[in-house]
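The values are calculated or read from the model by the stated rules, or taken from the named source; none is laboratory data. Bear in mind that the values here come from a model prediction, so they are computed numbers and not experimental data. Ideal geometry is used to build each Cβ from the backbone, glycine not excepted, and the neighbour counts take in all protein chains shown.
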Amino acid sequence: MTEYSTILVETRGRVGWITLNRPDALNALNSTLATELGDAVAAFDADEEIGCIVLIGSERAFAAGADIKEMADKSVRDMTVANPFAGFAAVARARTPLVAAVSGYALGGGCELAMMCDVILAADNAKFGQPEINLGVIPGLGGTQRLTRAVGTYKAAELILTGRMMDADEAERAGLVSRIVPVSDLADEALKTAETIASKSLPVAYAAKDALQAALESGLAEGLRFESRTFASLFALDDQKEGMAAFREKRSPHFMGR
Ligand code: CO8
């Protein structure tokens, strides 16, 4: 397995497990971390033995945002042409389902990284926010778009314009969080959730992600057509035959990923 300096990468059965690991900076997302995380996610995404990827931080912080110290003196050119955060694109475009396991701070780019994932499990000590306005900028890794879709226009606007944090309960009520778990159980619950997802048919999980994405990107009629076509296409898979045969035969399905 490749050695990285800002993340720890391991496999747990069919689960790819990535720990953000800059403890001295509350896992602030610097350009090295962006590149390493992008590479690690892309490698898992290309591996058919991996059915789900977990991103987790420390108990104190999932990630406290982009690395402000690294970013402070950058120019427009640095942030565009030589985009230091290009690596995150691999997370956003991964076909493999991703679970963010959030404990402590998920701020700015940290909240945005969690929102690139399909499932957000929050520990009861989690704090979410988009505090960029306090630094004289706005969210830049999807916060204005994904947060608005997750929690609605007015909640997102209040969070982005004030820069305040919300706790796990508020985030769950707002629809940003899939589920809250006690902080001591976060890693176990993330692994269980990821193992459950990884036990399904991988091509069907890809199809489910595509259809969920269509809900965010298209109008209702187009999204429904996309879902209907995708649903029908799954009847070409052995895994559809297996899933339905297993139901009729009152046994667990054994998916082959084809
Ligand atoms: N960047 C760099 N270092 C950080 C960051 C950060 N985002 N957050 C924390 N740290 C460092 C601190 O500087 C400190 O290091 P040191 O001891 O060397 O000074 C260490 O982590 C511990 O932090 P604190 O002492 O501040 O810990 P506290 O418990 O007192 O406070 C907070 C915790 C409230 C989380 C506080 O650290 C904080 O406010 N951090 C900044 C949060 C923030 O503003 N995040 C948004 C950053 S901007 C962003 O994410 C934009 C993303 C879009 C990029 C788009 C590119 C195209």
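Do we find a residue being assigned to a loop (DSSP other than H, G, I, E, B) and modelled with pLDDT under 95 anywhere in segment 2-25? Spell out how you get there, then give the answer.
As a first pass, look at segment 2-25 and keep what is assigned to a loop (DSSP other than H, G, I, E, B): 2-6, 13-14, 21-22.
Retained after the next criterion (residues that are modelled with pLDDT under 95): 2-3.
Checked segment 2-25: at least one residue is assigned to a loop (DSSP other than H, G, I, E, B) and modelled with pLDDT under 95.
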| query | Can you pull out the strands (runs of 3 or more DSSP E) entirely within segment 100-183 that have at least 1 residues that are farther than 22 Å from SER218 by Cα and within 12 Å of the ligand (Cβ to nearest atom)? | reply | 105-107, 127-129, 165-167
| For ILE197, which of the numbered conditions (1) closer than 30 Å to GLY257 by Cβ; (2) exposed (fewer than 14 other Cβ atoms within 10 Å of the Cβ) fails to hold? | (2)
| query | With (1) of a type outside the set (Ser, Thr, Tyr); (2) assigned to a helix (DSSP H, G or I); (3) in contact (Cβ under 8 Å) with a residue 12 or more places away in the chain; (4) surrounded by fewer than 16 Cβ atoms within 10 Å (Cβ to Cβ) as the list, and ALA207 as the residue in question, which single condition is left unmet? | reply | (4)
| query | Does at least one position in segment 48-55 carry a residue that is on the phi < 0 side of the Ramachandran plot and part of a helix (DSSP H, G or I)? | reply | no
| said: Taking the conditions exactly as written (modelled with pLDDT under 95 and either in contact with a Phe, Trp or Tyr (Cβ under 8 Å, 6 or more places away or on another chain) or among the hydroxyl-bearing types (Ser, Thr, Tyr) (or both)), does SER58 satisfy them or not? | reply: no
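Could you list all residues from segment 222-240 that are surrounded by 12 or more Cβ atoms within 10 Å (Cβ to Cβ) and outside any loop (DSSP other than H, G, I, E, B)?
Within segment 222-240, GLY223, LEU224, ARG225, PHE226, GLU227, THR230, PHE231, SER233, LEU234, ASP238, ASP239, GLN240 qualify.
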| said: ALA40 - would you say it is within 11 Å of the ligand (Cβ to nearest atom), within 20 Å of MET115 (Cβ to Cβ) and in a helix (DSSP H, G or I)? | reply: no
| remark: Out of (1) more than 19 Å from ARG60 (Cα to Cα); (2) surrounded by fewer than 20 Cβ atoms within 10 Å (Cβ to Cβ); (3) more than 19 Å from the chain's Cα centre (by Cα), the one THR144 does not meet is (3)
| Restricted to segment 179-194, and to residues that are of a type in the set (Val, Ile, Thr) and surrounded by 17 or more Cβ atoms within 10 Å (Cβ to Cβ), which residue is farthest from PHE226 (Cα to Cα)? | VAL181
| When both residues are 6+ apart or on different chains and their Cβ atoms are under 7 Å apart, which pairs have a first residue that lies in segment 14-33 and is within 18 Å of ALA114 (Cβ to Cβ), and a second that is more than 16 Å from the ligand (Cβ to nearest atom) and basic (Lys, Arg)? | none
| query | Is there any pair with a first residue in segment 76-98 that is closer than 25 Å to LYS200 by Cα and touching a residue at least 12 places away in the same chain (Cβ under 8 Å) and a second that is within 10 Å of the ligand (Cβ to nearest atom) and in a loop (DSSP other than H, G, I, E, B) whose Cβ atoms are under 8 Å apart and which are 6 or more apart or on different chains, and what are they? | reply | ALA92/GLY142
| query | Which pairs do you get when a residue that is closer than 16 Å to GLY65 by Cα, found in segment 158-170, comes within reach of a residue that is at pLDDT below 95, reach meaning Cβ atoms under 6 angstrom, with the pair 6+ apart or on two chains? | reply | none
| field | Whichever residue in segment 85-99 is surrounded by fewer than 20 Cβ atoms within 10 Å (Cβ to Cβ) and part of a loop (DSSP other than H, G, I, E, B) and, among such residues, is modelled with the lowest pLDDT | value | ALA86
